[in-house]
Amino acid sequence: SDKGGERIANILSIIETAKLHGHNPEAYLTDVLSRIQDHPADRLDELLPWRWSPLKKLNEAA
């Protein structure tokens with residue numbers, strides 16, 4: 001279906017963008033999906049592939 005095609009295109013775009021920024025796509029998606037619900041809405045840009053830092057790295061820096 002057209003909707004299914006759009007959805008997979010969006011997912012693949014996120015995966016490829018994560019790869020372009022040197023991230024493991026599975027690790028990126030796992031981390032972002034586990035954090036997004038509690039992440040402040042005005043800071044969602046921090047979870048985009050070009051700004052993302054794994055939670056482990058953030059905890060090590062603190």
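The values are calculated or read from the model by the stated rules, or taken from the named source; none is laboratory data. None of the values given here were measured: they were computed from a predicted structure. Here the Cβ positions follow ideal geometry from the backbone for every residue, glycine too, while neighbour counts run over all protein chains shown.
Scanning segment 12-29 for residues that are assigned to a helix (DSSP H, G or I), in contact (Cβ under 8 Å) with a residue 24 or more places away in the chain and within 13 Å of residue 54 (Cβ to Cβ) yields a total of 3.
Pairing each residue of segment 31-43 that is free of Cβ contacts under 8 Å to residues at least 60 places away in the same chain and at positive phi with any residue that is loosely packed, with under 10 Cβ neighbours inside 10 Å and aliphatic (A, V, I, L, M), provided the two are 6+ apart or on different chains, yields no C-beta distance under 9 Å.
Scan segment 21-44 for residues that are over 16 Å from residue 10 (Cβ atoms) and surrounded by fewer than 12 Cβ atoms within 10 Å (Cβ to Cβ) and the total you get is 9.
Of the residues making up segment 30-55, those that are assigned to a helix (DSSP H, G or I) and β-branched (Val, Ile, Thr) are 30, 32.
The selection criterion, being within 10 Å of the chain's Cα centre (by Cα), among the polar types (S, T, N, Q) and at pLDDT below 95, holds for residue 53.
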